[in-house]
Every structure is written in structure tokens, then in C-alpha cells.
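Student: Quick one: the structure is below, and I'll ask about it shortly.
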Amino acid sequence: MKIKFLILSIASCLVISSCGKKVENTPEGITVAFVEALSSKDFDGAKGYCTTTSGAAIDGLKGVMAMAPETKLAKTEVKCETTGDKSTCKFCCAEGKPEETYNLVKDNGN
């Protein structure tokens, strides 16, 4: 339960990094890219979508999450509500898991 809470806290991420895959600079695009990176244990890729503070939390989770099995995404449905520079996104779903909520914040225009 603590890991899930920490992951949800981390998910206030949004700094775009330019790595391989073109990601749509929208709350929906960032949420999908972040979740896909975490589910495949691409922690550096996931950090690329994070603010400095939440990126540091990913570093702290690397050891714990590296031991967990990879998560398979059953589907990637995202619904976001945006107010100003903040978005709340509902993401569905990792296999066998319920819908998750991610809080995003615009940082340096991204």
C-alpha cells in the first residue's frame, strides 16, 4: 500500500525529456508515457516526465520497484480534467488493477 501511495505521489510529474519516442505534450500523453515507463521499469525514462522533487522520489523507489515484476498494461485509457497549470488524470489500467489517479503540474511550459 505504501508503494502505491508513493507512486501516486510521484505522479505529479510532467517535465518532458526527449528520448526515442515522441510523446504528445498533453496531460493524457504524459500520463500514458509515464505509466508505460514505470510498468517496463524504465526509471530514467519515467523521471524524464517528473518535476525535480518527484524525480528524486523515483530514485528512492528504484531498488524496491526493480524487484517487483513488470506490470502488463491491459489498456491505456486516460481521462483528464485540467484547471490552470494542474491536471488530474484517471488512468485505466494495469492488468488486474483498478483505475489510478495521477496529479500533473505544468513545469517550465511542459
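The values are calculated or read from the model by the stated rules, or taken from the named source; none is laboratory data. Since this is a predicted model, take the numbers as computed values, not measurements. FYI the Cβ positions are ideal-geometry reconstructions off the backbone, even for glycines, and counts take in every protein chain you see. To get the accessible areas, we keep the full protein, side chains included, count just its heavy atoms, and leave off ligands, DNA and RNA. Shrake-Rupley method; radii C 1.70, N 1.55, O 1.52, S 1.80 Å.
Student: Output the qualifying pairs, or none if there are none: Cβ atoms under 8 angstrom, residues six or more apart or on different chains, first residue in the stretch 17-38 and among the aromatic types (Phe, Trp, Tyr), second residue at pLDDT 85 or above and in a helix (DSSP H, G or I).
Tutor: Phe34/Ala46
Student: Also, quick follow-up: Considering only residues that are more than 17 Å from Lys106 (Cβ to Cβ), among the small types (Gly, Ala, Ser) and open to solvent by less than 20 Å² (accessible area, probe 1.4 Å), which ones fall in the stretch 29-85?
Tutor: Scanning the stretch 29-85 gives Ala37, Ser39, Gly45, Ala46.
Student: Go through the stretch 24-110 and tell me which helices (runs of 4 or more DSSP H), entirely inside it, have 1 or more residues that are out of contact with any Ser or Thr (no Cβ under 6 Å at 6 or more places or on another chain), modelled with pLDDT of 90 or more and among the hydrophobic types (A, V, I, L, M, F, W, C).
Tutor: Details: elements: 27-39, 43-47, 52-67.
Those helices (runs of 4 or more DSSP H) span 27-39.
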